[in-house]
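Below is one structure, written out as structure tokens; the observations come after it.
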Amino acid sequence: MAFNDLREFIAALESRGWLKRISQQVDCELEITEITDRVSKMTGEDNVALLFENVKGYDIPVLMNAFGSMERMALALGVEKIDDIAAELKEILKLPYISVQRKLDLLQIIPTAKRAIHFPKYVKTGPCKEVIIKDAPSLAKFPVLKCWPGDAGRFITLPLVFTKNPLTGKRNVGMYRMQVYDENTAGMHWHIHKGGAENYRAHHELGRDRIEVAVAIGGDPAVTYAATAPLPPGIDEIVFAGFLRHKSVELVKCETVDIEVPAHSEIILEGYVKTEELRREGPFGDHTGYYSLADDYPVFHLTCVTHRKNPIYPATVVGKPPMEDCFLAKASERIFLPFLQLQLPEIVDINLPLEGVFHNCAVISIKKSYPQQAKKVMHAVWGMGQMMFTKMIIVVDAHVNIQDMKEVWWRVFNNIDARRDVVMVDGPLDALDHSSPQANWGTKLGIDATKTWPEEGNPRQWPDEIIMSEDIKRIVDAKWKELGLG
């Protein structure tokens, strides 16, 4: 099921009892964060999306924690479970290997390709233009959150930032926090590794004094997720959103910049970033659970605001996991597993533990076929897109349930010889990593916790695992109720 807009998603959440409306007055400075943080760490039916309808000083409601569970993520992307998307991707990734010489294979390609590719649909206008403010546009009308006590100010935390490459015209959509400095300017926190920063540098290298930018807030949930997805280079986020929705995303041209944005967005901020201007941005309470430090970043200048009548302002807060962003990351873990397996077919599964906040730890199970294969996988993963930021990679054998970290740690604690099985390499780290002596790069760790073969330098016999025989298990299963042991 594809949602046309955020409002349809909210209605679907509410119909399932997954959304709570808060009518009591709340403050968007710290108070909404504290409420949301408590709810996001609850389990089961208590962990719900929150719609704050009475925000102090504003007439715009705030939506929080909409993606804060795997069930809500699946609903947002129109599937029963996230692994359904991965299964569909596996079928699509087979297409290059299907022989076009056979009529049967051609008949298989056509419907699969039609399901997969939904290019954006360009429309003349849309709900995001119900209100257009070109004269004296202002950020002050929106209930932008101050999330944590040590934050430098209020931050837009769920923006879809649209830019174009000046040479190719290709679109990039990323999610970069924006610190609101005043009514007309905000920080643009795009990291040096991200597509928005690449387009910014390309404009600067051509001698241009500014790059046009549009910011969409409150699109349909598939588009919002697509802006966070670690897509391979060259993949358009809007085309990817079309794949997720099984339906084209409608785009409309902005009023003051040459950029198209989702027509059904709640709010659009139009403007530009000067290529020679930097301003101090941060600190900001980040998804690592620590404050990211203040640094100099480009500045967004507002030229126009458009929005729906009675807009809804969606936001998120990040901090000590688990929080909403963890489930966006978990969705990417499942969805992008087929891309990893395409390059490294020995990979069986991957787990990005919530405590690792996306880039600090990856656990990978492999079907081991030759000596030192685990180390080959580590180095290959460190060379793949945003996986280059992974600070720790743990590799185990295929039969290990890597979604159970107790089992993973049991394997690590018992299986490794530190001199033989621990790898340390220097390379890029996420810009938010605070532990390395220098910014943006540092030392990363690989742990080979697979069974060590004699060919890998272990002359001793490897012991068998303790496993009860299946016939005894069946006998005890049959007696279990009579034993009265629960």
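The values are calculated or read from the model by the stated rules, or taken from the named source; none is laboratory data. Note that the coordinates shown come from a computational prediction; the quantities given were computed from them, not determined experimentally. Note: ideal-geometry Cβ built from the backbone for every residue, glycine included; neighbour counts use all protein chains shown.
If a residue must be surrounded by fewer than 23 Cβ atoms within 10 Å (Cβ to Cβ) and either among the hydroxyl-bearing types (Ser, Thr, Tyr) or more than 23 Å from the chain's Cα centre (by Cα) (or both), how many such residues does region 234-269 contain?
8
One line per residue, one yes/no per condition, for (1) at pLDDT 90 or above; (2) out of contact with any Leu (no Cβ under 9 Å at 6 or more places or on another chain); (3) over 29 Å from Pro233 (Cα atoms):
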position	(1), (2), (3)
Leu344	yes, yes, no
Val348	yes, yes, no
Leu352	yes, yes, no
Lys367	yes, yes, no
Val381	yes, no, no
Asp404	yes, yes, yes
Arg420	yes, yes, yes
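Is it true that some residue in region 466-484 is assigned to a loop (DSSP other than H, G, I, E, B) and under 29 Å from Phe389 (Cβ atoms)?
Taking every residue of region 466-484 in turn, none turns out to be assigned to a loop (DSSP other than H, G, I, E, B) and under 29 Å from Phe389 (Cβ atoms).
Collect the residues in region 6-49 that are at pLDDT 95 or above, part of a loop (DSSP other than H, G, I, E, B) and either in the same structural domain as Pro221 (by TED's automatic domain parsing) or not aromatic (Phe, Trp, Tyr) (or both), keeping them in residue-number order.
Arg16, Gly17, Ser23, Gln24, Gln25, Asp27, Cys28, Leu30, Asn47, Val48, listed by residue number.
Within region 363-370, is there a residue that is farther than 30 Å from Phe142 by Cα and assigned to a helix (DSSP H, G or I)?
no
To keep it simple, each residue is scored yes or no on (1) of a type outside the set (D, E, K, R); (2) part of a loop (DSSP other than H, G, I, E, B).
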site	(1), (2)
Ile394	yes, no
Val400	yes, yes
Trp409	yes, no
Arg419	no, no
Ala431	yes, yes
His434	yes, yes
Ala439	yes, yes
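Which members of region 127-139 meet the condition of being surrounded by 13 or more Cβ atoms within 10 Å (Cβ to Cβ) and more than 15 Å from Asn310 (Cα to Cα)?
Matches in region 127-139: Pro137, Leu139.
Which condition number does Pro143 fail, the rest of (1) modelled with pLDDT of 95 or more; (2) surrounded by fewer than 19 Cβ atoms within 10 Å (Cβ to Cβ) being met?
Among (1) modelled with pLDDT of 95 or more; (2) surrounded by fewer than 19 Cβ atoms within 10 Å (Cβ to Cβ), the lone unmet condition for Pro143 is (2).
Which pairs do you get when a residue that is on the phi > 0 side of the Ramachandran plot, found in region 126-147, comes within reach of a residue that is of a type in the set (Ser, Thr, Tyr) and part of a strand (DSSP E or B), reach meaning Cβ atoms under 7 angstrom, with the pair 6+ apart or on two chains?
Matching pairs, first to second residue: none at all.
Specify the residue that is surrounded by the fewest Cβ atoms within 10 Å (Cβ to Cβ); the eligible residues are those in region 432-465 that are within 17 Å of Met387 (Cα to Cα), of a type in the set (A, V, I, L, M, F, W, C) and touching a residue at least 24 places away in the same chain (Cβ under 8 Å).
The selected residue is Leu445.
Is it true that some residue in region 85-95 is at pLDDT below 95, out of contact with any helix residue (DSSP H, G or I) (no Cβ under 8 Å at 6 or more places or on another chain) and not aliphatic (A, V, I, L, M)?
First, pick out the residues of region 85-95 that are at pLDDT below 95: 85-95.
The next check asks that each one be out of contact with any helix residue (DSSP H, G or I) (no Cβ under 8 Å at 6 or more places or on another chain); those that pass are 87, 94.
When the remaining residues are screened for being not aliphatic (A, V, I, L, M), the result is 94.
The answer is yes, given that some residue of region 85-95 is at pLDDT below 95, out of contact with any helix residue (DSSP H, G or I) (no Cβ under 8 Å at 6 or more places or on another chain) and not aliphatic (A, V, I, L, M).
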